Every structure is written in C-alpha cells, then in structure tokens.
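No value in this document is a laboratory result; all are computed from the given coordinates. Quick caveat, the model's predicted, so the values are computed rather than measured. Neighbour counts run over all protein chains shown; Cβ positions are idealised from the backbone, glycine included.
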Amino acid sequence: MASVVFQRDLRVYAASENASLFQNAKIGFAGGQVLLVHRPTMRGLHFTQAGSAITQLAKPEVEDLLQSQDFQPKADVYGCLGLLSIPTEDERWIKAVVVVKECKSHGRLLNTEIFHISAVEMFFVGPMYSSVAASHARIIKRLFASGSFFFSMDRTASSASTKRLSDSSLPKKEEEPVFGRRVTWKFDLTCRVQHTLTQRHGGFTLDDSSGGGGHDDRFWWSRVMWNEVQKHGINCKAWLIPVIRGSVEMRTVYVGPIQAKAALISRLSCQRAGTRFNARGVDDDGNAANFVETEQLIAVEDHVVSYVMTRGSVPIFWEQASQNVGHQKPHLTREFEATKPAFERHMEQLTATYGPQTLLSLLSHKSGEMLLQDNYRRHVMSSMFVDRLHHLDVNAICKGGNKADRLAPYLDAYGQELLDHSFFEAVNEEVVHEQTGTFRINCLDCLDRSNVCQSAIGLKVLQEQLLALDRHTSLRDTKMRQFERYFKDMWLRNGDNLARCVTGSGSLSGGAKTSLFKDVQRSISRTLRGNFFDRHRQAAIDVVLGTYVEDTSEQYVVPDPTLRVKLDEALAAQREKFTTELPARIVVGTWNVNAQKPSQLSTNPTNPGLHDWLVQTTEDSSAPDIFAVGLQEMIDLKAKNMLARSSAIASEWAARILQTIGKDEYFLVVKQQLVGICVFVFARTDHKHCIRGVRTHYVKTGAGGKMGNKGGVAMSLRFHSTSICFVCAHLAAGKAHLEERNQDYNDITAKINFGKGRKLDSHDVVIWFGDFNYRIEGSKDIVRETCEAGHWLDLLCKDQLTISKADGHVFEEFEEAPVTFRPTYKYDVNTDTFDTSEKQRAPAWTDRVLFRGEGLECVRYDCVNTLKMSDHRPVICVLNAKVVAVDEDVQNDIRERIMRDLRRQLASVLIICPAALLSASELADVLGDYGRLAMIDRVKNAPAMLVTFEASEVAKKVTKLHGKELLGEKVYVYVVAGEDDVAGLIRQHNQRSIADLEDMLHLHDDDDDDYGDGDGDYGDEQDGAVEEAVHSDEDMAMHRDGDGDDGVDGMVRGVSDCDVGDVGDVCDEDSRPLLADDGDTGVHDGGGSVVVRNSRGGSGARAKASSSAPSWNKRATAATPSPRQRTGGSATNNKSHNSRDSRSTATANSIQNSIQNSIQNSIQNSIQNSIRSCVENHIDRNSIGSKAACSAPSSSLIGVSGAQSQRERGKSRQGSKHAAGGRC
C-alpha cells in the first residue's frame, strides 16, 4: 500500500512476555502474539497461536486488544512481506512475521516508485526457542540487506489496498510536475512492459487466483510468505508487499523540459534459485538454475521502448562440486534420454513466453565445459522447439580488457536474428510493434561472460530504440550519446548486482571496470564462499522460497482443521476417480564383480554374458519397466583407486548392460558411483515422461566413514506418483564383524539425504540390494560340508542377516523372499567349487535383496550360476508392483468442488439486499477487510449474494452487519449451513417481511374507511383516470391485459408460497439478467418482471431498480404521452383532474407517509418500493408532485401474499390518484 511505503505507517506490537525481536541466539521467545497496526486507520493484523491463526481487526478491536493485553510497541516499519516458516533442529517449524525495516527509493519509472530493501526485521510467533532457527534468521536478514530485493508502488493515486484499509481516502502524495503527455497505465515490477500492455501471458502463471494482483510467479520472491497469510482469509493486497530479486538501474535524461527515463531491470527467477555451486542445470519442471530476465527500457512521456534478453544455466541435469579447488569439473547427473523431457519443457516454456529463441552458448573449450556444450548441442538438435545452438568462446575471443567492444564484431553475424526479434514499442498505450523473440545466453555460471555478451547485444539494439524514439521526440546526437554512456555504465553495474546474488562478490570484468588484481581478489572470495558459506546461504534461500523441504507449499491451503479433515475424507472417498493403479515390474540385480571388467564377458567362452542374469527373468514374457543393477568391487580396492574419480569403467558396464536388455527398448536414467560401488537404473523408453525427481546420494562407511571402499549408494525417483528408492550397499566384511555390519546399515539409513527433506523413509517403495557380507554362524567345516552335500537350506536358521533382522537390529520393516538358492559366496573363479584358497572361507548368502512397500510381490529370487568370472554369484530379484498414476487435472477439479461445498458449509453467509443489486466487485472490496474471500455467488432469481470465506471465523464476523447498511443499502446477513439452506433462509426472510406488511395494512383499513372499502369507488375512478391518460388502442389493450407491472394485473405471486427459483430475475436496462445465470431475462409469472438500472453509469457499481418505466416496457412508454402532452391535449381533462386533486392530495400524502414510516420501522425497503411501483405506474402524471415519492430510493420488487393482493391492489389504485408521479 502506498502509504505504508512512503512513511513508516505500520507499527509492530508484541506481547512483552510472548514475542520478542529476535536479534541473537540468546534471546528466547515463548508464547507468541504479534500485532501489525496500520496507524492512519488503526486497522490491525493479529498473529496468534504460533502463527496458526491470523485475524484482521477493525479499529475498535485493535483498541480493545491493546488495552486488554500487555502489548508493547516494537518498531515502526515501512511494510510487511508476510509470514515465514523457519525450520528448527527437531524438524519443527517456527513462524516469523517479516517486515521492511529500511528501504530507499531507487527512482520513479512509469508512474511507479521503485524501492530497494535495505533491512528487514523478523518477529517470531512461537512457543519455543531454537538455535537453528536463530541461525537461519540471521542469514535471511543478511540476504535481504544485500540490496538485491526491490518492490514498486503506484504513486499516481491512493492504492486500492489503502482504500480498503481506510474509512476515507488518505491524502495523496504531492506529485512532481510533469511536462507533456503522461503515462496512464501502471507498471508492475515483476512483469516486463510488453506483458503489462498486451496481456499476453505465455507459459507461466500471471493471474489473480492467488490474490497477488497478477504478479509473475517466476520472479515473485515473497509469494510463499504471501500465501502463508492469505490462507488464513486475509486480504493480502492491503497488507503485504510483493518483491523481486535482481538488479534495477535507472537514469534520467532531460530532453528539453521532458524527463526521459532509461532503465535496466534484471529479474532473477525464484523457481530454481541458489548459490553458485548449489543451483546448476535444470529441474524436472523445466526451470533452469539462476534464470534471469533482463529488460532494457526507455520511456519518454507516454512513448515506451523495451528489449528483453534472458540468461540461465545450461538446461540439462549437471552438477559441479564446490570442493577440490582447481578440479571443479562439471559432471552429468542424468543421462541423455532421461534429460530430454525436462529440456523440452524448458524450451517449450521459453517459446510460449518469449517467442522463437536464439540460443547462444559462451562455454569455453575446456574439457569440463565442452562436456556440457556437446550435450547441450545434442539436445538442441533433437528438440521440437529450437533447431540451432550458436557458440562463442568469449574467453578466447576477448582476452584482455574491453570485452564488450572486442565481442561486438562477432555479434554482427546475428543481425538477422536481432532484426527478426525486433523490440517492443508503445505510444499512449497503443502497441506499435512487439518483440517476437529473444536471445537466451549462457556460460558456466551465467555471470561475467553472459553479462558481457548481453551488454554488447543491448547496445546494438539501443541504437534502434533511440531511432524509434527520435521519430516522435526529436533527440539530438548528444542525447543519444548520453543514453549510450548511461547504458554502458548500467550494464556494468547490472553484472555486479547479479554476481552478488549468486556468488556474494562482484563480477569479474577482465580489466574493463576494475583492475586485474581486483578480479583476483573476487575469485578468491568466490572460492572461499563456495566452499564454506554458500550452503548456509542456499539454506536461507530455500527457506524464503519454501523449498527447504519438498511439497510444503500446497496448491490448496486449508487452514481450518475441521475443513482439512473433511477434505481428506472426501478426497479419499473419490480417490478412484483421479487415480489409477498401474502394474509395474521391477528387476533388481546385484553382483560383486571382484574388479572384473565387462570386456571379459565376451572374451571368456565359459561366460555367456549378462543375458541369463537380467533377461531370462521369469516364465512369462512381460517386459520389465525398471532395471536396477548394483555392482560392488567394480574396481580393485587399492589406495590409488579409492582416491581416483574415474567413471570410465562404470560407463563400460552401463553400455554393456544396456546392450543386453535392449538399447532401443530401454534408456539409462542415472548411474552413481562410490569408488567400487555403483548403481545403474534403466527404464523403458515409453516411461520417459513418467520418471521425475531423480536424485542420488552416497554414504561412506569405510575407515570410520572416511573411505568409500564400503558404504551405500542410493538413488531416488518418482515413477508416475509413486516414490521409489534403490540402495546398493557393500557392508563390512568378516564373519566376526557382525556389529560393524549392523552399524553400517544404520549409518547409511540415517545419513542418506536427497535434500529438500527427502530421506529414505519418505519413499513409498524402498529396495536394498548388494553385498551385505552377512555370514553363517557355526563351524566353518560343518558349513562347507552341509553346502557341498546340497543341504544348504538347513543353514538358513544360522544366517546372520536372518538372526539380526529377527532381533530388530536391521531391516525391521523389510521383507525378503524365501531363499531357495545355494550360497552366493565364496567360489573359485570360473568354477562351481567353494573357496579352496588358503583361508577357505565358509560359504554364505552375502548377496541379498530386501524390499519394503505396499503391494510388492516377488515372482523370482535366485542366483545365476552361469556367470563365474567372480568369486560371487549374481543375484536376481523380480518384483511385481502397483504404482499410482494421478490425473492432476481431475484431482484438482474434484478437490475444488469439494472445497467449494465445504467452504459453503463452514464459512458462508447469505447477504440479502432487497433494495438493490449489490456489485460483486464492490462487495469484494468491502468484505475483504474482514478476511480473504473464497468466492461470491449470485443467488439465482433473488436479490441475494452467497459469500464464501476461506476461514469460518471470518463468516461469523460478517454476520454483525445484519440489519445495517452496506454500500449505502440495508442488508440482512444469515449464516449458511449448506447448499439447501439458501432457499429456506430467503423464504423465512420474506415471510417475516410479509407479516410486517400485513400488520401495517390492517392498521390503514381501520383508520380510513374510504380507502380500500371494497366498494370500488376509488378503484373505478382510478381506472377512469388511467383511461383518460391512454391515447392509443395499443396502450388501452396493454392497460386491460397487463403492462408487465403487476400493480394492476397481479403484482407477483405471494413470496410465502413460492421458492427461490420463483422470484423474478433482476435485469439491467437492456433486459440482460444480472442475477439469473440461465439466460432468462425475467420470470413472467403473472406478467411480472423486474428491471435494475446502474446508478453509476455502467461503472460496475451496484444497480438499483428504476422507478421509471422498465426497459422491456419501452413500447408502452413511447406510446404513452408525457405529462406535459397530456395536460396540453384537452382543457376538459385539466379541469377534471383539478377537481379531484384537492380532495385526494391529503389522503395520498397521509397514506404515503404512513407507509414509509411503517416500512422503516418494520420491513425492508423492498416492500416500500413494491407499493410505490404499483402506484406510480397508474397515477395521473399531472397530479401534484410529491417530493417524498421522487426522492425515495428505487429497488427491485418483492411479492405480496395472494391473500392480500386484491386488497393491496385496490388501495394502490386509490392512493395513486393523489400521489406524485414522474421520473426521479
């Protein structure tokens, strides 16, 4: 809100013993209440119950709260960002209110003031203390104090949020003088100008469904904090500030008396944001790491030109370790086929959002970068959305300083792309031409080299932008050169600002802006930060963006516990409508290869290859969906091999396995190696789009957790909607080392962490396999003799794994299929003979497969004795599983329907306004002060609105408006218990109103015998007066048959006898229904219908029923002479009217005043207007005017019970003779 930004209009209060300003780890906080008060209006936002309850308070409630509880003022702040959830050491969460403590104006652009945040403060709401939360809070505060967060506020007028907060509009801030034409539209800092003016929202969310006012979710960094407040039913637009992160640079150039604004705005995406080594590549949704949209903008009066470029990480799955300085080579984390779906999503989003893409890669010819370059080009060549990747080695081309100038000649080759893409231009909101494509630029970090290239392209486009401006505003050469100087400087600063966001230090300019010594200092700073500090900064960024733990940001926020339980129950009851159980076959193989290479499989004639092990799996012919293969001792476990990081042998094994199972039918999802332990996961090619969220992790257990000769490698993925984890382990060897093996298992289980809160026990299916090294208890000789005799199954009761599992030491919740095969260890190589070496180790089932998961069924568990080149035998396990596929679109539809029904049950009110049809938009503005609205539904065929809030306590507060004025009209508010309750509430309301009317009419029958005496004297006289006013056969027929107003021919059916659907639709002047949604223009029971006129000239304000002739009666109105025509038509008529006027005026005025007073005291405005409409349509237009009749508010009609209709009709005829008429 504008007032909050320009002044410290928000004051933060906290219960002195409950909440405190968290400045260091020694300050505790227990309990927790925080109160934000907007000082000009004294409206409040109350945070209680550890942030689980947020209430919006009116001025009296704020004053009562401050008096009744021990609240102390803590700080006056500029604005609020929202409610942030911060993790603790025990995996719980603490809520903190984040407020803007300091901000500075960055300049004014397009009617918008832009600010950058200098400092934030955090007020905790929670009953606990946490040193981990304190550490996160300190880092988050430093993050916001970096100067990289910006927000914008409209300064042309009081914002809508301020209007909703205040009872009266606040004084506007004095505007600085502006010469010439002015910009009349509003600029949103989260969106580029082209989207603002053309409303072309491509492949991203740009709507107001989240209550954010149409901000671009890609660059809206405070969205999660906003949603935490919004889900409690709070109107966030009135309280919170949306922010972006990146860079904003602006300069002012005076062209005569006119201010021209030059701006360079870079918006850093929040969808895959992070520090240098912690955010690389792309995710499964197609979001590239550290994606930046940069807009080069010039505005001269109402003439705006804009050019946009993007940069982002190479959009494939890759990582780069921050350790091992000098050896930070990138490596791929997912194979080509598994990467392709995410790459295509990214390119599809770019094309849909910006148009055709020109891809420009600035990677060097170093081995690590060339790995990325080759894979990038390979994906581009197979893409449906892009077909060419341009490559420039900036480091080789631009050695030395002034890289942008050195690079400029090489960019001339892309002149045609620049011409095709063009730039955006608009004059006075009229779009001259649009930018139809963009350059997407990348280097390794998307920092220094990318900024140099973008600045060179931007300066080329700048010349065309200035020429376009010169056609409307004459620009001298000196001004053009001034623009060029400014933009050169802004591009340098832009590079510094973005580099600080990612690395914490400025950009490396290569001597262009700073000395080479300064660049060396910054390189050292980046190295230190990357190795020691960036992981803490990354955690802080994840906390701010709500990605610290996966799946914490629900699409549907349900704060009400009762509503949440009912939603879960209702969803479970309809689960079969949006979920499908699909059969899946998983083949798991494990083999300790004893450092044998795959090439020996083909050279040794006694080994037929891997076919017997992996392909001949079961008797049926169903193809497996997933292969998970684990190898142990893939390399010789020597010291030099354990320190080396070669993956050549792993690649050989992967190629051999893929050739065996069919390289056309399957693709390698991922391989992960820890020294000699390696896991490979393959999937069928038709499952490319069904496998997402692939992550790997390993745990070392050798030498006390320092060496990787023993340990475990884990791989996590999501197959359809089922999460699966594969763990390949090699545990401690030796018969006597049982406890060490058990400890290795427990260490691996505890330490496996895939990040974002995804751990081993969070998966639906977990499969362990590998060389577990569990032996058989007993004498070595007895074990050998029993196995050689073929009675090895008798030894299972002495198996160490079976015993340890039964004792609860390991694999407590896991199953193992019955072991029916001979021991897998230890054999003489290339024979079936157990170990005959000097040690003569006893046989054992060291190689095992165990699994956990609902619906898993083992159909084969065996060892393969044909592969003899190792001292171990390979083991195969074939599992049939049931995976769940969720149709998210159907699920969302069902969930929304359930939510709509539940909200109406728990948090809905019926607002009846008989005198006017309230505007939904104005109603939303007013009721937004009470809490967040879920929906506003018009009740069909009734002057009522069904308003649903997202919190039940808000609905209860709104019921206090019952019988009071809302938007200038009297309203009646009822709590709705269910959908069927709406009709009953309207019926009860109308019955009470009719009862009051009957009492009032009986009083008039007793007081005035001449009025409505049943003789028809006044009725006949009234009929004669009407006939004298009719001057055509058509009008006479309308009078006899009914003119559409039931004042004479039966006003409406009795409300007490009709349902809600029987009440006439309310229409506008063009007979378009405003209440009905079935296309009808009105209900014609008895010829009645209702018309509503817009009292604000079609501005969307509430509409009222007109007292003049309705639009559907235009024929009768046109045919009926005006009062002046009728009086001038005949002297006889004038005399006859004058003779009756003196006798009837007193009676008419008396009746009308009595009716008005009775209505004000006992019934709603609709009864008053019903009678008046009956009178006015049949009075003599030349009668004495009545101020009371003209000034009375007009409204929709309401029916009268059938038992009273004839009597009321007679009374209306008599009274109408003396009442004033005419159009009010």
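Could you list ARG223, ARG987 in order of exposure, starting from the residue whose Cβ has the fewest other Cβ atoms within 10 Å? Intermediate values should be presented prior to the final figure.
Details: ARG223 25, ARG987 17.
With the sparsest Cβ surroundings first, the list reads ARG987, ARG223.
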Q: Just list whichever of LYS566/LYS957; LYS231/LYS340; LYS759/LYS798 have alpha carbons separated by over 25 Å in the model shown.
A: LYS231/LYS340; LYS759/LYS798
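If you average 1/r across every pair of different Cα atoms in the range 255-305 and take the reciprocal, what Kirkwood value do you get, in Å? Mind dumping the intermediate values first?
Values: mean 1/r = 0.0747 Å⁻¹.
Over the range 255-305, the inverse of the mean reciprocal pair distance is 13.4 Å.
Using a cut-off of 13 Å between beta-carbons, work out the net charge of the residues near LYS700 (Lys and Arg +1, Asp and Glu -1, LYS700 not included). Could the numbers behind the result be given before it?
Values: positive: LYS706, LYS710, LYS751; negative: ASP744, ASP747.
Here the charged neighbours net out to +1.
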Q: Can you tell me which of 812-823, 273-284 comes out highest on packing, and rank the rest after it, using the mean Cβ neighbours within 10 Å?
A: 273-284, 812-823
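For the range 905-989, report the % of Cα-Cα distances exceeding 19 Å. Numbers along the way, then the final one.
Values: 948 of 3570 pairs.
Counting every Cα pair in the range 905-989, those more than 19 Å apart make up 27 percent.
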Q. Past the 29 Å Cα-Cα mark, which pairs from LYS597/LYS700; LYS688/LYS805; LYS329/LYS671; LYS95/LYS960?
A. LYS688/LYS805; LYS95/LYS960
Q. Counting only DSSP beta bridges with both residues in the range 574-886, what percent are antiparallel, rounded to the nearest 5?
A. 80 percent
(Q) Net charge within 11 Å of SER85 by Cβ-Cβ distance, Lys/Arg positive one each and Asp/Glu negative one each, not counting SER85 itself? (A) +1
Q. So how do TRP220, TRP491, TRP226 line up by other beta-carbon neighbours within 10 Å, fewest first?
A. TRP491, TRP220, TRP226
